[in-house]
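Below is one structure, written out as structure tokens; the observations come after it.
Just so it is clear, none of the values below were taken in a lab; they were calculated from the coordinates. Keep in mind that what you see is a predicted model, and the values were worked out from it rather than measured. Neighbour counts are summed over all protein chains in view; Cβ atoms, including those assigned to glycine, are modelled from backbone coordinates with ideal geometry.
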Amino acid sequence: MKLVVQVKLLPTPEQAAALEATLYAVNIAARQVSRLAFEQRTFRNYDLRKHTYEQIKAAHGLAAQAAQHVIKKVADAYTALHANLRNGNLGKQGSPRRLRAESKPITFHPLAAQSYDDRCLSRQIDAQTVSIWTVRGRVKNLAFTASADQLKTLAAHRKGESDLMHRDGMWFLIATCDLPEVPLNHPGGFVGVDLGIANIATTSSTGTGTGTGTRHSGKGLNAVRHRHRELRRRLQAKKTKSAKRLLKRRRRAETRFAANTNHVIAKQIVTEAERTGQGIALEDLQGIRERVRLRKPQRVTLHSWSFHQLGSFIAYKARRAGVAVIYVDPSYTSQQCSHCGHVDKRNRPDQETFACTSCGFAEHADVNAARNIASRGVTGWAVSHAA
Ligand SMILES: [Zn+2]
């Protein structure tokens, strides 16, 4: 399975200047290649190389591999554009949007990412440094930060090229690693995951028999969201360029914070399932739009994106750990009694409480829902593995 490892570079001011000059140079070269491709209607990597390779190498002081990567980047961008045009993703023939895309060469941001192969980039994993080609010569002993896990993965499984990327004033290297498939463990029960707002995820498992459940609070995340919403309101009123820039930065910071929270929760859930020899039951969110339109309108606007992300992080980490994942029908999980199966809207008098009107069973509402999801996981697994 493919895994993307992103490490943050810690360049000295001088090293950072060399990296910046390099991205500027390769992207000016990319624009030049793109113009030529557009004017001569030549889009294949091989043909473009014939026409532009020597020229951009000389004009921008590019190393041989860097020039080839620039040409390939342009060729790939046109391949993607042409596929989008063919598939009608940019509108019908003659539509304004489509005409705009067709009428001029593709441009590249001055700091757009650039690919590096092993001849232009080498890593000293133990020292946590890289040596990288720049237009100002080879930069050596460029430090990077990475977790012990990332270092291990990079050392053992990295394959192919890496991308040098600049984002929000920081530098990153993105590497693709190819990990061997982990055999799936046979689940001895299921951890059910209920997604919510107050509690981002609540789990309860069939395997341990206790059914008490663990709540992963969304307090920190909701506080950050609230703070950002306030700030956003103030900035949007201003409409100046600097306010817009700040707004964009805040939005990215919020996205990163949410992603980080989701990573932590996903890791806890997968670790718990792995430790107890269970699988994980997730709500099938395909239908969440219909469900929330009826029940909880605020969910879809604010949180569906985050729910999908948490679900995909869990699925991904589970696959790496050999933990089985099953998707269950999420309807009525909050109204159904996990003890006797009775479904009634009145079983859930408020956000936090579940109290069965039939058998009297009482539990935190999210834990009750998670228990339902867990037992649907057991049933679903039995059905799909009956043969
Ligand atoms: Zn009941």
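How much length, in nm to one decimal, is gained on full extension between LYS72 and ARG136, taken as 0.36 nm per residue of separation minus their Cα-Cα distance?
Residue separation times 0.36 nm, minus the Cα-Cα distance, leaves 20.8 nm.
Using 1/(1 + (r/R0)^6) with R0 = 30 angstrom and r between the beta carbons of ASP126 and ALA101, what's the FRET efficiency to the nearest 0.05?
Calculated value: 0.05.
What are the extents of the Cα atoms of segment 164-238 along their three principal axes, listed from largest to smallest and rounded to whole Å?
Per principal axis, max minus min of the Cα coordinates gives 56, 36, 13 Å.
Want the number for ASP118 to THR255: 0.36 nm per residue separation, take away the alpha-carbon distance, what's left?
Length difference between fully extended and current span is 46.1 nm.
Mind giving me the nanometre distance, one decimal, between the label points for THR357 and SER304, set 7 Å out from Cα along Cα→Cβ?
Spacing of the two 7 Å Cα→Cβ label points: 2.9 nm.
What relative contact order, as a whole-number percentage, does the chain give when Cα pairs under 8 Å and 6 or more residues apart are counted?
The value is 16 percent.
On the Cα set of the chain, report Rg and Dmax in Å, please.
Rg and Dmax of the chain, Cα atoms, are 25.8, 81 Å.
May I ask for the longest run of the chain untouched by GluC sites (Glu not before Pro) that are loop-located per DSSP and have at most 14 neighbouring C-beta atoms (other than their own) within 10 Å?
1-180
For ARG35 and HIS385, what does the FRET efficiency come to when R0 = 35 Å and r is the distance between their Cβ atoms, rounded to the nearest 0.05?
Efficiency computed from Cβ-Cβ geometry: 0.05.
What size of dipole, in debye to the nearest 20, comes out for segment 335-387 about its Cα centre when the only charges are +1 on Lys and Arg C-beta atoms and -1 on Asp and Glu C-beta atoms?
180 debye
What percent of all Cα-Cα pairs in segment 1-152 falls into each 5 Å bin, going from 0 up to the bin containing the maximum distance?
Binned Cα distances yield the sequence 1, 9, 15, 17, 16, 13, 12, 9, 5, 2, 0, 0.
Lone cysteines in the chain, defined as no other cysteine's Cβ under 4.7 Å from theirs: which are they?
CYS120, CYS177
Sort ILE125, ILE269 so that the residue with the fewest other Cβ atoms within 10 Å of its own Cβ comes first and the one with the most comes last.
With the sparsest Cβ surroundings first, the list reads ILE125, ILE269.
Pop a pseudo-label 7 angstrom from the Cα along the beta-carbon direction at both ILE197 and THR176 and give the gap in nm to one decimal.
4.0 nm
With a Förster radius of 41 Å, plug the Cβ-Cβ distance of ARG229 and ARG275 into 1/(1 + (r/R0)^6) and report the FRET value to the nearest 0.05.
Here the calculated transfer efficiency is 0.65.
Over what distance in Å are the Cα centres of segment 344-387 and segment 97-168 separated?
The distance from the Cα centre of segment 344-387 to that of segment 97-168 comes to 47 Å.
From the residues SER384, PRO330, ALA370, which one has its Cα farthest along the dipole of segment 322-387 in the positive direction, the dipole being from +1 and -1 charges on Cβ of Lys/Arg and Asp/Glu about the Cα centre?
Going by the Cα projections, it comes out as SER384.
Which of the listed residues, LEU99, LEU121, ASN27, is farthest toward the dipole's positive end in segment 1-126, when Lys, Arg count +1 and Asp, Glu count -1 at the beta-carbon?
Projecting each Cα onto the dipole axis, the largest value belongs to LEU99.
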